[in-house]
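One structure is given here, and the rest of the page talks about it.
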Amino acid sequence: MVQKINLKEKADSIESLFTYLRVGKLNDHMLNIVNVENRTLDFHVHENSDEMFYCIEGEFDIEFEDGLTHLREGDIIIIPKGMRHRPVCKSLVKCLLVEVEGTLDKSNTGGTYDE
């Protein structure tokens, strides 16, 4: 039987910050939830995958070379592959990330992604 997933409950179940919890796979895309607080990643680019952020709880910014986009609970943003960006999280945020399998690694997650 196909199982439903409650993103809020899954995010609430994560016991430590910066730990990626894989909650599903959609074709060749992975779906990970991460809880982040007081962290700004380095600018980076995903050459082979668009990236989607869905803000489950909290607020944060995605910084681009030409400015910031503010996200709050319920917002999504799709960042096209090849676009330089970085998340800026000043307070606790719970977020779903969707991208092609193999896109996330230690170099673009502040060293915390571990598959």
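Compared with the direct C-alpha span, the chain from VAL45 to GLU9 gains 9.9 nm at full extension, assuming 0.36 nm per residue. Full extension of the segment from ARG72 to ARG86, taken as 0.36 nm per residue of separation minus the current Cα-Cα distance, would add 3.4 nm.
Compute the signed sum of charges (Lys and Arg +1, Asp and Glu -1) over the other residues within less than 15 Å, Cβ to Cβ, of GLU65. Net charge around GLU65: -2. The mean sequence distance of close C-alpha pairs (under 8 Å, at least 6 residues apart), as a share of the length of region 29-85, puts its relative contact order at 41 percent.
Amide H to amide H, with H built 1.01 Å from N, SER49 comes under 5 Å of GLY82, counting only residues 5 or more places away or on other chains. With both labels modelled 7 Å from their Cα along Cα-to-Cβ, the LEU21 to GLU37 distance reads 1.6 nm. Of the two radii for region 7-103, the radius of gyration is 0.94 times the Kirkwood radius, both from the alpha carbons; that is the Rg over Rh value.
Every number in this text was worked out from the coordinates using simple rules, so none of it is lab data. Fair warning: this is a prediction, and the values are worked out from it, not measured in the lab. Backbone-built Cβ (ideal geometry, glycine too); neighbour counts: all protein chains shown.
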